[in-house]
Amino acid sequence: MLQFWRILHGGIRNFLRNAWLSTAATAVMTVTLIIVIVSFISSLALTATIKGVTDKIDVSIFLNNNTTPDQVAAFEAALKSSGNVASLMYVSPDQAVANYKNQNKDKPSLIQALDTAGNVLPSSIEVKAIDPKHLDAIEAVVSQQANQSLLDPTAPPSYTGGRKETIDRIVHFANFFKTAGLAASIVFVVISTLIIFNTIRMAIFTRRDEIEIMKLVGATKWFIRGPFIFEAALYGIIAAIVAVTFSYLVLLSSAPKVASYIDFGSTISFFQSYPFVILGGELLLGIIIGAVSSILAMSRYLKL
Amino acid sequence: MILFDRVTKVYPNGQTALSGLNLHIEPKEFVTIVGSSGAGKSTLIKLLTREETHSSGKIIVGGLDYDTITAKDVPLVRRRIGVVFQDFKLLPNRRVGENVAFALEVSGARQREIKRAVPKMLTLVGLSAKQNMYPHELSGGERQRVAIARALIRQPKILIADEPTGNLDPGNAWQIIELLLKINRFGTTVLLTTHNKEIVNALKRRVITINRGRIIRDDEQGRYTLENPTTLKGATKGIATGVEAQN
């Protein structure tokens, strides 16, 4: 235990004695950890945003107004059998008009237009899909020959329109962003590993007399290596604390400004619910990057 | 205490530094090893401190057979042997007391033990008043005393002094030799290497002369017998000039 404290003390002393290099290494590590955390947050927020968008989307299948209740029931049963239906609801023409008036109560001109047209809106089946990204099964049921006669010929089912493409685009963008975030994280982990490797290598060179003396007086290998590992781990510890604090503050201040585009609400609540999980994860990553780089540098340049 | 039995050391580049060297040193002996540069003195010391491993033969030090020690045991071997060098090898950014304490710290000594032992050792080497000074504030002789104090703090049975007076003026050199003799009187085996003819002759102790990796002379109360000490390293000015072959 005493030896352990001496090793920690040696690591801190090395860190301070090497202030400029230590600062540079810590800064690179901080950038890396911020990128990791941003990538993680974005992934969470994008997932939440996509879920929000797709949850709002129902497939609307507009029906011919001559459809009988029996036909509607049969059609509903067929849709359910597709396996991708979370819930469905029949909306009668009257209900459709009521809904429309309710949605547009601030826009009297639209309501007036509907009145002028004789309050005619098609009945519909509103389907909430289990997986809105894969509507093929529902689409297949709708396009069955037997069901074609039930559809309103003037209003095609809504999934075939622009909304599906928009969803696809969002999903595509989100996946791209997640992949890019992962790639950037990996690249920066590699960069900081290389920089810390170099910092420790320099430290080994500048302290070679001291290392020789340590060997001379009978220091064990780990007593000599320990301070170098702890010094590098210290870069990770400081960087993790800075990165988590910085990311949280930026997230808090920027979330309201981008709220209409991206939903950070769940991310912030995740941050607030599990601050120590996030900090712990970053600390662990920082310490691992530091320790591994340092061990690599020593295996190459510190022959004991 | 120290036994070399037909020890050979061949470096990876093919150079033979020691060839079939036999050496036996009893406990509490004071032995001086002389030899021109490249004779094998440094290799002998490196084998003792396990900085190098021998190619063949047997080395037994303090009952420990060097063939049986593993890499993990090397630090323990070094803690049993104190070494001082011509260039002192002190930590420049640590005070005198800290330099001496360092040898105890690496072996896991308790702080209380360190606080008790360091002042005692500094008193022994005559530096108790300079415990809080840095090495650069000391004279060469004083630095070497710090190095000796560090080598002795763990009470090793063997002290190796590798050209300890090489960088010192005659006055300081003698003080260091007197300190080594004092340490030897306390029961520590001392192994001294030097090029200083006057010191060797005045000591009247056992002298082992090495040449080309072999012992060519081994005399009780020996004298300096090398003809041409070309490697004086400038430190023994005035003492060892004009050395003649003796015996």
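Read-outs throughout are calculated quantities, based only on the coordinates presented, and are distinct from any laboratory measurement. Predicted, not measured: the structure shown is a model, and the values here were computed from it. Here the Cβ positions follow ideal geometry from the backbone for every residue, glycine too, while neighbour counts run over all protein chains shown.
A few comments on the model shown:
- The residues neighbouring B:Ile199, those whose beta-carbon lies less than 12 Å from its own, together hold a net charge of +1 under the Lys/Arg +1, Asp/Glu -1 convention.
- Estimated vicinal HN-Hα couplings, Hz - segment A:12-17 in sequence order (Karplus 6.51, -1.76, 1.60; Gly, Pro = x): 5, 4, 4, 4, 6, 5
- Across segment A:1-124, Cα pairs under 8 Å and at least six residues apart give a relative contact order of 26 percent.
- Segment A:65-151: relative contact order in percent, alpha carbon pairs under 8 Å with at least 6 residues between: 43 percent
- Shielding by partners, peptide B:104-111 (average Cβ within 10 angstrom, other chains): 5
- Taking a straight Cα-Cα cut-off under 20 Å and skipping sequence neighbours fewer than 8 places away in the same chain, the lysines within cross-link reach of A:Lys178 are A:Lys51, A:Lys133.
- Peptide B:73-79 has a mean shielding of 4, counted as Cβ atoms of other protein chains within 10 Å of each residue's Cβ.
- Using θ = phi - 60° and Karplus 6.51 cos²θ - 1.76 cosθ + 1.60, couplings along segment B:39-46 (whole Hz; Gly, Pro as x): 6, x, 4, 5, 5, 4, 5, 5
- Average beta-carbon neighbours from other chains, 10 Å sphere, peptide A:208-216: 6
- Partners for A:Lys303 among aspartates and glutamates (Cα-Cα distance below 17 Å; same-chain residues under 8 apart left out): A:Asp209, A:Glu210, A:Glu212, B:Glu51, B:Glu52, B:Asp73
- In this simple spin-label approximation, A:His172 and A:Thr154 carry label points 7 Å from Cα along the Cα→Cβ vector, and these lie 3.3 nm apart.
- Considering only the protein assembly as shown, percent of DSSP beta bridges that pair antiparallel, nearest 5: 60 percent
- Extreme residue, positive dipole direction of the protein assembly as shown, given options A:Ser92, B:Val96, B:Ile25 (C-beta unit charges): B:Ile25
- Cross-link partners of B:Lys115 among aspartates and glutamates, defined as those whose alpha carbon lies under 16 angstrom from its own and excluding same-chain residues fewer than eight positions apart: B:Glu98, B:Glu105.
- Remark on B:Ile216: its backbone amide H falls under 5 Å from those of B:Thr209, B:Ile210, B:Asn211, a criterion applied only to residues 5 or more positions apart or on other chains, H modelled at 1.01 Å from N.
- Taking the Cα centre of chain A as reference, the dipole from Cβ charges on Lys and Arg (+1) and Asp and Glu (-1) amounts to some 1940 debye.
- Dipole magnitude for segment A:65-151: about 200 debye, using +1 per Lys or Arg Cβ and -1 per Asp or Glu Cβ, origin at the Cα centre.
- Most positive-pole-ward Cα, B:Val7, A:Phe173, B:Ala71, against dipole of the protein assembly as shown from beta carbon charges: B:Val7
- Taking segment B:65-139 and dividing mean pair separation by its residue count, relative contact order in percent (alpha carbons under 8 Å, at least six apart): 38 percent
- Under the combined filter of DSSP loop state and at most 11 neighbouring Cβ atoms within 10 Å, segment B:65-159 retains none of its GluC sites (Glu not before Pro).
- Projecting the Cα atoms of A:Pro157, A:Ile211, A:Ala183 onto the charge dipole of segment A:142-217 (Cβ charges, centred on the Cα centre) puts A:Ile211 farthest toward the positive pole.
- Relative to the Cα centre, the charge distribution of the protein assembly as shown, modelled as +1 at Lys and Arg Cβ and -1 at Asp and Glu Cβ, gives a dipole magnitude of about 3280 debye.
- Segment B:187-227 versus segment A:162-225: alpha-carbon centroid distance in Å: 56 Å
- Chymotrypsin sites (Phe, Trp or Tyr not before Pro) restricted to segment B:98-197 and DSSP loop, no more than 16 other C-beta within 10 Å: B:Phe186
- Amide H contacts of B:Val84 (H built 1.01 Å from N, under 5 Å, at least 5 apart or other chain): B:Ile160, B:Ala161, B:Asp162
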